[in-house]
Amino acid sequence: MWCSRTALGRLQRIAPCTVSGFHRAMSMLPKVFVTRRVPPDGLDILRKSGQVQFEMWDSDDPMPRMELLKKVKGCDGILCVLTEKIDAQLLEAAGPNLKVVSTMSVGFDHLSLDELKKREIRVGYTPDVLTDCVAELTVALLLATSRRLIEATHEAKTGGWGTWRTLWLCGHELANSTVGILGLGRIGVAIAERLKPFKVKKFIYTDVTPRPELANMIEAEYVSLDKLAEQSDFLAVCCALTPETHGICNFNLFSKMKKNAIFINTSRGGVVNQEDLYEALSTGLIAGAGLDVTTPEPLPTHHPLYTLKNCVILPHIASASYTTRNAMSALAANNLLAGLRGEPMPKELKL
């Protein structure tokens, strides 16, 4: 599972070509731990930089927690993904040398920001580079849910495709609809831009405060959360997971939505009360839901939501394109290196 990397070119320049010189040069470089196998673009940047010595958990599966706590000891930097909880326990295990945590994600709910701030540890993250990819997947999930594509594929494969029937597998179309966005940011704007050619009649949104600059880009109207629920034919959740948004999509919201409404979440699973969503879907309060994120992840195969034909669940793949994952990896690596040099990061989370 382990993979050690060093920038041999620089090491050979700064030390004699002897075993002892090689190890002395290595020991002078900042120590970095990479918590998961990440796409090659980021690894190449670390390897070729000549600025760090790094070790990587060379697996697609998460590292056992106790092993992780051992391996971060004495590190100057950590490059992590969203499944690693960077909390007080881990920061204590890492020790006082830790200067930078760089996460290969746009979300940061897995980071204990107060603990990082208290220790004056800088944080890099990867927004912007995944905007297009997430927006594409959100539109795909919306269409798959509203037009019942998963159901239709199942029927075709299992013999349910019989004679033509007037209302069989009918869904809901975007033309002349109202699309609501919960949390208007870069991704919300990108989703709306992709939906506009479908002849959407109106875009509405809600957020902590109005965001006129972004809203003007898509001609979206600011409304309250209740109005968003009441007016939306399609409701896309794009907000960050914060204490304020945790469980914000609950029975109170679903009960105000139209019976033909489609609910889509590609943000974070924690913003949705899944028990309330199950009740809304199973009792016909809303027409359907498409989820790329759940709580927990992976969602257990026996979860009641899987029993519903009107619920499409994906395994958190919104940013899963080769181009985007490599771009995220590269940005995470560049954030890490800049932070270790004491320079501004390309994308730093201000604490």
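The values are calculated or read from the model by the stated rules, or taken from the named source; none is laboratory data. It should be emphasised that the depicted structure is a prediction, and the values quoted were computed from it without experimental measurement. Methodologically, a virtual Cβ is constructed for each residue, glycine included, from the backbone with ideal geometry; neighbour enumeration extends over all protein chains shown. Calculation scope for accessible area: heavy atoms of the full protein, side chains included, ligands and nucleic acids excluded. Shrake-Rupley method; radii C 1.70, N 1.55, O 1.52, S 1.80 Å.
For the stretch 226-283, the set of residues classified as among the charged types (D, E, K, R) and crowded, with 20+ Cβ neighbours inside 10 Å consists of Asp233, Arg268, listed by residue number. Return a yes/no flag: does the stretch 219-228 have any residue that is touching a residue at least 40 places away in the same chain (Cβ under 8 Å), assigned to a helix (DSSP H, G or I) and within 20 Å of Ala135 (Cβ to Cβ). Yes, there is a match, as at least one residue in the stretch 219-228 is touching a residue at least 40 places away in the same chain (Cβ under 8 Å), assigned to a helix (DSSP H, G or I) and within 20 Å of Ala135 (Cβ to Cβ).
Within the stretch 48-75, residues that are closer than 18 Å to Lys99 by Cβ have Cβ atoms under 6 Å from residues that are modelled with pLDDT under 95 and surrounded by fewer than 13 Cβ atoms within 10 Å (Cβ to Cβ) in these pairs: Glu55/Ser4, counting only partners at least 6 apart in sequence or on another chain.
Just a yes or no: is a residue in the stretch 288-308 crowded, with 17+ Cβ neighbours inside 10 Å, over 23 Å from Asp109 (Cβ atoms) and either among the hydroxyl-bearing types (Ser, Thr, Tyr) or modelled with pLDDT of 95 or more (or both)? Looking for residues that are crowded, with 17+ Cβ neighbours inside 10 Å, over 23 Å from Asp109 (Cβ atoms) and either among the hydroxyl-bearing types (Ser, Thr, Tyr) or modelled with pLDDT of 95 or more (or both), one finds at least one in the stretch 288-308, hence yes. Looking only at the stretch 119-142, count every residue that is assigned to a helix (DSSP H, G or I) and either surrounded by fewer than 16 Cβ atoms within 10 Å (Cβ to Cβ) or in contact (Cβ under 8 Å) with a residue 12 or more places away in the chain (or both) and tell me the total. Of the residues in that region, 11 qualify.
Confirm whether Thr163 is part of a loop (DSSP other than H, G, I, E, B) and of a type in the set (Ser, Thr, Tyr). Answer is yes for this residue.
Looking only at residues that are farther than 18 Å from Glu297 by Cβ and β-branched (Val, Ile, Thr) in the stretch 52-108, which one is surrounded by the fewest Cβ atoms within 10 Å (Cβ to Cβ)? For the stretch 52-108, the residue satisfying everything is Val52.
For Leu184, state whether it is touching a Phe, Trp or Tyr at 6+ places or on another chain (Cβ under 6 Å), within 24 Å of Leu137 (Cβ to Cβ), at pLDDT 95 or above and open to solvent by less than 80 Å² (accessible area, probe 1.4 Å). Yes; evaluated as a whole, the condition is true for this residue.
Please enumerate the residues belonging to the stretch 328-346 that are in contact with a helix residue (DSSP H, G or I) (Cβ under 7 Å, 6 or more places away or on another chain), of a type outside the set (S, T, N, Q) and within 11 Å of Met104 (Cβ to Cβ).
Ala330, Ala332, Ala333
Say whether the condition of being surrounded by 14 or more Cβ atoms within 10 Å (Cβ to Cβ), of a type in the set (Val, Ile, Thr) and not in a loop (DSSP other than H, G, I, E, B) is met by at least one residue in the stretch 199-212. Within the stretch 199-212, one or more residues are surrounded by 14 or more Cβ atoms within 10 Å (Cβ to Cβ), of a type in the set (Val, Ile, Thr) and not in a loop (DSSP other than H, G, I, E, B). Looking at Pro344, Pro315, just one residue is within 14 Å of Ser102 (Cβ to Cβ) and open to solvent by 70 Å² or more (accessible area, probe 1.4 Å), and that residue is Pro344.
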